[in-house]
Amino acid sequence: SAVISQKPSRDICQRGTSLTIQCQVDSQVTMMFWYRQQPGQSLTLIATANQGSEATYESGFVIDKFPISRPNLTFSTLTVSNMSPEDSSIYLCSVEETRNTEAFFGQGTRLTVV
Amino acid sequence: QQPVQSPQAVILREGEDAVINCSSSKALYSVHWYRQKHGEAPVFLMILLKGGEQKGHDKISASFNEKKQQSSLYLTASQLSYSGTYFCGTRTGSARQLTFGSGTQLTVLP
């Protein structure tokens with residue numbers, strides 16, 4: 001099983017600023033994803049983080065707002081840019097070895113924008 | 001497109017059984033089930049693959065009807081620790097990513 005360290009666990013940010021969230025995995029993994037979860041809601045996929053190339057974004061999410069880096073198979077960052085109160089949410093990274101195996105999740109980053 | 005889960009919420013007494021359903025409008029390659037407790041990350045329960053068998057461990061099991069594009073999670077003799085929100089995650093044949101259902105909030109009372 002993969003162990004994921006996600007930082008920070010929570011933050012309160014001013015509108016208009018940016019926050020970078022880090023996801024570190026204790027083993028090399030093929031697939032890494034970033035999700036957003038509003039309180040009491042489901043998980044919405046933001047993007048697939050691709051190692052060595054640009055991330056693949058889902059409908060409604062754009063690179064300028066959520067730039068993602070994945071320099072190697074164990075690390076990724078998600079930046080929430082030019083934040084507004086609507087960006088307040090929980091952000092989770094997730095990894096999977098293959099399409100046939102379980103997904104592991106980081107503990108999440110609880111972001112509040114004021 | 002997000003799979004549909006039912007019911008949205010269920011309240012049980014310890015020892016009672018529950019069934020949570022997950023339905024997709026698309027042909028599915030696999031279905032995952034996760035449980036999430038408040039303030040925690042989702043935790044994997046099981047995965048069902050197309051052409052695979054019904055899965056289960058302890059008192060939690062699941063089935064996958066490929067033709068109907070549906071999966072059901074069965075919780076028998078529920079325990080207090082079963083409380084949480086259950087999500088199904090579905091994957092279509094060509095997709096890398098999972099798409100999660102809306103969730104079912106399960107509460108087990110003493």
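Could you check, for the stretch B:40-58, whether at least one of its residues is under 11 Å from the mean Cα position of the chain (by Cα) and closer than 22 Å to residue A:90 by Cβ? Yes.
Evaluating residue A:65 against the criteria (1) farther than 21 Å from residue A:15 by Cβ; (2) among the basic types (Lys, Arg); (3) away from chain B (no Cβ under 12 Å) leaves one unmet condition, (1). Taking residues in the stretch A:58-72 that are assigned to a loop (DSSP other than H, G, I, E, B), and partners anywhere that are of a type in the set (Ser, Thr, Tyr), the pairs with Cβ atoms closer than 7 Å and at least 6 places apart or on different chains are A:63/A:57; A:64/A:81; A:65/A:81; A:66/A:79; A:67/A:79; A:67/A:81.
Looking across the stretch B:22-52, the residues that are open to solvent by less than 20 Å² (accessible area, probe 1.4 Å) and assigned to a loop (DSSP other than H, G, I, E, B) come down to B:24, B:41, B:42.
If I filter the stretch B:9-21 for residues that are open to solvent by less than 40 Å² (accessible area, probe 1.4 Å) and either of a type in the set (Ser, Thr, Tyr) or in a loop (DSSP other than H, G, I, E, B) (or both), do I get at least one hit? Within the stretch B:9-21 (the criterion being open to solvent by less than 40 Å² (accessible area, probe 1.4 Å) and either of a type in the set (Ser, Thr, Tyr) or in a loop (DSSP other than H, G, I, E, B) (or both)), the answer is no, since none of the residues qualifies. I want to confirm something. Restricting to the stretch A:75-107 and keeping residues that are away from chain B (no Cβ under 14 Å) and part of a loop (DSSP other than H, G, I, E, B), which single residue is most open to solvent (accessible area, probe 1.4 Å)? Among those residues, the one meeting the criterion is A:82. Against the definition (farther than 24 Å from residue B:46 by Cα, more than 10 Å from the chain's Cα centre (by Cα), open to solvent by less than 20 Å² (accessible area, probe 1.4 Å) and within 14 Å of chain B (Cβ to nearest Cβ)), how does residue A:55 come out, yes or no? In short, yes.
Cβ-Cβ contacts under 8 Å between residues 6 or more apart (or on different chains), taken from a first residue in the stretch B:74-86 that is on the phi > 0 side of the Ramachandran plot and assigned to a strand (DSSP E or B) to a second residue that is open to solvent by 60 Å² or more (accessible area, probe 1.4 Å) and not polar (S, T, N, Q), are listed as B:84/B:37; B:84/B:38. For the stretch B:27-36, a residue qualifies if it is under 14 Å from the mean Cα position of the chain (by Cα) and not polar (S, T, N, Q), and the qualifying residues are B:31, B:32, B:33, B:34, B:35.
Report whether or not residue B:84 is closer than 22 Å to residue A:104 by Cα, modelled with pLDDT of 95 or more and out of contact with any Ser or Thr (no Cβ under 6 Å at 6 or more places or on another chain). Considered against the rule, which asks whether it is closer than 22 Å to residue A:104 by Cα, modelled with pLDDT of 95 or more and out of contact with any Ser or Thr (no Cβ under 6 Å at 6 or more places or on another chain), residue B:84 comes out as yes. If only residues of the stretch A:10-30 that are open to solvent by less than 10 Å² (accessible area, probe 1.4 Å) and not in a loop (DSSP other than H, G, I, E, B) are counted, the one that is nearest to the other protein chains (Cβ to nearest Cβ) is A:23. Can you confirm whether the stretch B:58-68 contains a residue that is in contact with a strand residue (DSSP E or B) (Cβ under 7 Å, 6 or more places away or on another chain), under 11 Å from residue B:21 (Cβ atoms) and of a type in the set (Ser, Thr, Tyr)? Checked against the condition, which is being in contact with a strand residue (DSSP E or B) (Cβ under 7 Å, 6 or more places away or on another chain), under 11 Å from residue B:21 (Cβ atoms) and of a type in the set (Ser, Thr, Tyr), the stretch B:58-68 yields at least one hit.
The values are calculated or read from the model by the stated rules, or taken from the named source; none is laboratory data. Since the model is a prediction, treat every value here as computed from it, not as a measurement. Note that each Cβ is placed from the backbone with ideal geometry, even for glycine, and that neighbours are counted across all protein chains shown. All accessible areas refer to the heavy atoms of the entire protein, side chains included, with ligands and DNA or RNA removed. Shrake-Rupley method; radii C 1.70, N 1.55, O 1.52, S 1.80 Å.
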